[in-house]
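A.B. asks: First, the structure itself, so that you have it in front of you.
The values are calculated or read from the model by the stated rules, or taken from the named source; none is laboratory data. Remember, predicted model here, so these are calculated numbers, not experimental data. Heads up, the Cβs are rebuilt from the backbone with ideal geometry, glycines too, and the neighbour counts pull from every protein chain shown. Quick note on the areas: whole protein, heavy atoms, side chains included, nothing else; ligands and nucleic acids left out. Shrake-Rupley method; radii C 1.70, N 1.55, O 1.52, S 1.80 Å.
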Amino acid sequence: MGERLLVVGGNAAGMSAAAQARRLAPEMEIIAVERTRWTSYSPCGIPYVAAGAVAEIKNLVARTPDEFRAMRIDVRTEHEVSGLDLDARRAEVRNLAHGRSFYLNFDKLHLATGARPRRPEIPGMDLPHVHGVQTLADGTRLLDYYKHRRPQKVVVAGSGYVGLEMADAFAARGAEVTVVEPGPEVLSAVDPEIGAIVARAARASGITVMTGAEVVAITEDAVETSAGARRADLVLLGLGVEPNNELAASAGLELGASGAIVVDRQQRTSAAGVWAAGDCCQSVHLVSGRPVHHPLGPTANKQGRVAGRNMTGHYASFRGVLGTAVTRVCGLEIGRTGLGHREARDGGFEVEVAQIESTMSASYMPDSRPITVRLLAEPGSGLLLGAQTAGGAGSAKRVDVVAAALAGRLTVEDLLELDLGYAPPVSSVWDPLQTAARRLLAQV
Ligand SMILES: Cc1cc2nc3c(=O)[nH]c(=O)nc-3n(C[C@H](O)[C@H](O)[C@H](O)COP(=O)(O)OP(=O)(O)OC[C@H]3O[C@@H](n4cnc5c(N)ncnc54)[C@H](O)[C@@H]3O)c2cc1C
């Protein structure tokens, strides 16, 4: 038997590392400990199960524990790592089904504990009709609650993209949905000008959007906000997530300002022989160069792969993130990449912004859909800083072109000169991104 790798957390960042390590180190003994009964699942699909668009929670599983066991990865579901002793190379593990604890030794350790929804400390937060969704176990609990109670009045606290996707899902089920957002507009990941477009789409779908309002208390049938009370038989948390960092903190690993684990480009933590990946880690922002916590699916998978290669004596590195994120809510696609306006200013950049309205295909085409593009660049250098889009089908993934441009450190002029495709049914002759670039070029 070779060295023993212990993986804590059985989803994207954990199992992509485990699978990579298994491929590269056939002799390695690999044990993966997962708190829930699921492995390698897509929490991203929960809103679509909640909406009824995807039939069952189990459809969101990419690879089951048994499939991993067939790869000689010893998966212990419904087990939790409750303590770490890095000097003794030993983890305390609790069998959640039987309530018994035991110890597992390891040579190498990979932390992939993910994140959890933020729960502000307000009265009523622990009531049974308050739900956060992060794991499939959370999703199952929520769906069971929905089946038995058929909630008709739903309040979503916060309007991160998960909160908005869940609001959209319950509105589609016919519930009366209210989103309560403390900021000036919904979806703080985009600038308020794009947030206002998202709020309009939500209102057009029958969702009540309260901005500049905070949830201050929850009772059995209502939510008290700073702008009045709303009746609620289901409360969903959409205030973003915080890293599950307790094990890392107790083991003395270095944490960043967000509480996420500090890792280098090889996903090594501050302790020898300990790697970390995914939502529990911080990354470097490729535009600002600053440490950030952007907990997103593609990052977790990529970082897991990088960790898996490095812990088996191979080499790979994770360069960083751009915070590229896309979603669709209330029939509107939204995309963002790079820095938003405030983020850029906070990062010490001067910023010029251009926002344009265009169409996704030639405007004379019968199904031509609108798109708003917001492009940000640094005056003087003309370096692109970020982009946001909102509009009809295809609008969100448009930001990927800008993500590639940001990775290549292109300027507004470079973007304008890119040879992008055109045909009337699939694009306007001036690609919407380049229409925005023309406008922005005049300003930088
Ligand atoms: C509703 C929803 C929608 C989303 N939509 C998108 C999207 O559209 N696009 C996108 O890019 N991202 C999306 N995300 C984010 C994406 O799902 C995460 O970035 C990704 O799942 C992170 O993977 P991870 O393995 O790092 O962490 P997680 O998925 O959080 O997995 C961590 C695992 O570790 C387990 N665990 C934690 N502590 C312990 C312990 N002590 N012992 C044992 N097990 C433990 C947990 O049970 C969990 O299964 C969404 C997330 C949610 C919740």
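A.B. asks: Just for region 104-119: of the residues that are assigned to a strand (DSSP E or B) and basic (Lys, Arg), which one is farthest from Asp279 (Cα to Cα)?
C.D. replies: Lys108
A.B. asks: In region 428-441, what residues are crowded, with 21+ Cβ neighbours inside 10 Å and either in contact with a Lys or Arg (Cβ under 9 Å, 6 or more places away or on another chain) or within 11 Å of Ser363 (Cα to Cα) (or both)?
C.D. replies: Asp431, Pro432, Leu433, Ala436
A.B. asks: Kindly evaluate Gly124 against the criterion of being free of Cβ contacts under 8 Å to residues at least 60 places away in the same chain and either closer than 24 Å to Asp221 by Cβ or open to solvent by 20 Å² or more (accessible area, probe 1.4 Å) (or both). Can you show your working first?
C.D. replies: Values: free of Cβ contacts under 8 Å to residues at least 60 places away in the same chain: no; either closer than 24 Å to Asp221 by Cβ or open to solvent by 20 Å² or more (accessible area, probe 1.4 Å) (or both): yes.
Against the criterion (free of Cβ contacts under 8 Å to residues at least 60 places away in the same chain and either closer than 24 Å to Asp221 by Cβ or open to solvent by 20 Å² or more (accessible area, probe 1.4 Å) (or both)), Gly124 does not qualify.
A.B. asks: While we're on this one: Can Gly408 be described as out of contact with any strand residue (DSSP E or B) (no Cβ under 7 Å at 6 or more places or on another chain), within 20 Å of Val321 (Cα to Cα) and in contact (Cβ under 8 Å) with a residue 24 or more places away in the chain?
C.D. replies: Considered against the rule, which asks whether it is out of contact with any strand residue (DSSP E or B) (no Cβ under 7 Å at 6 or more places or on another chain), within 20 Å of Val321 (Cα to Cα) and in contact (Cβ under 8 Å) with a residue 24 or more places away in the chain, Gly408 comes out as no.
A.B. asks: Give me the strands (runs of 3 or more DSSP E) completely within region 164-237, filtered to those with at least 1 residues that are surrounded by fewer than 23 Cβ atoms within 10 Å (Cβ to Cβ) and not hydrophobic (A, V, I, L, M, F, W, C), ordered by residue number.
C.D. replies: Working: elements: 176-181, 208-211, 215-218, 222-225, 228-231, 234-237.
In region 164-237, 176-181, 208-211, 222-225, 228-231 are the strands (runs of 3 or more DSSP E) which contain 1 or more residues that are surrounded by fewer than 23 Cβ atoms within 10 Å (Cβ to Cβ) and not hydrophobic (A, V, I, L, M, F, W, C).
A.B. asks: So Val274 passes all but one of these: (1) over 19 Å from the mean Cα position of the chain (by Cα); (2) away from the ligand (no atom under 16 Å from the Cβ). Which condition number does it fail?
C.D. replies: (2)
A.B. asks: Say we look at region 347-371 and pick out the residues that are open to solvent by 40 Å² or more (accessible area, probe 1.4 Å), within 30 Å of Ala51 (Cα to Cα) and part of a loop (DSSP other than H, G, I, E, B); which of these is nearest to the ligand (Cβ to nearest atom)?
C.D. replies: Arg369
A.B. asks: Where in region 1-103 are the helices (runs of 4 or more DSSP H), entirely inside, with at least 1 residues that are without any contact (Cβ under 8 Å) to a residue 24 or more places away in the chain, crowded, with 19+ Cβ neighbours inside 10 Å and within 15 Å of the ligand (Cβ to nearest atom)?
C.D. replies: Where helices (runs of 4 or more DSSP H) fall fully within region 1-103, none carries at least 1 residues being without any contact (Cβ under 8 Å) to a residue 24 or more places away in the chain, crowded, with 19+ Cβ neighbours inside 10 Å and within 15 Å of the ligand (Cβ to nearest atom).
A.B. asks: Of Arg116, Arg141, Arg150, which residue is surrounded by 16 or more Cβ atoms within 10 Å (Cβ to Cβ) and either of a type outside the set (Asp, Glu) or over 23 Å from Ala13 (Cα atoms) (or both)?
C.D. replies: Selected residue: Arg116, the only one of Arg116, Arg141, Arg150 that is surrounded by 16 or more Cβ atoms within 10 Å (Cβ to Cβ) and either of a type outside the set (Asp, Glu) or over 23 Å from Ala13 (Cα atoms) (or both).
Table: residues versus (1) farther than 17 Å from Val190 by Cβ; (2) within 26 Å of the chain's Cα centre (by Cα); (3) part of a loop (DSSP other than H, G, I, E, B).
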{"position": "Val373", "(1), (2), (3)": "no, yes, no"}
{"position": "Ala404", "(1), (2), (3)": "yes, yes, no"}
{"position": "Leu415", "(1), (2), (3)": "yes, no, no"}
{"position": "Ser428", "(1), (2), (3)": "yes, no, yes"}
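A.B. asks: Could you check Ala196 against (1) over 18 Å from the mean Cα position of the chain (by Cα); (2) farther than 30 Å from Asn59 by Cα; (3) in contact (Cβ under 8 Å) with a residue 40 or more places away in the chain and say which number it fails?
C.D. replies: Unmet for Ala196, out of (1) over 18 Å from the mean Cα position of the chain (by Cα); (2) farther than 30 Å from Asn59 by Cα; (3) in contact (Cβ under 8 Å) with a residue 40 or more places away in the chain: (3).
A.B. asks: When region 104-141 is examined, which residues are found to be in contact with a Lys or Arg (Cβ under 6 Å, 6 or more places away or on another chain), farther than 21 Å from Gln267 by Cβ and more than 13 Å from the ligand (Cβ to nearest atom)?
C.D. replies: Once the filter is applied, which keeps residues that are in contact with a Lys or Arg (Cβ under 6 Å, 6 or more places away or on another chain), farther than 21 Å from Gln267 by Cβ and more than 13 Å from the ligand (Cβ to nearest atom), region 104-141 yields Asn105, Met125.
A.B. asks: Does region 217-233 hold any residues that are more than 14 Å from Val130 (Cβ to Cβ) and of a type outside the set (D, E, K, R), and which are they?
C.D. replies: Thr225, Ser226, Ala227, Gly228, Ala229
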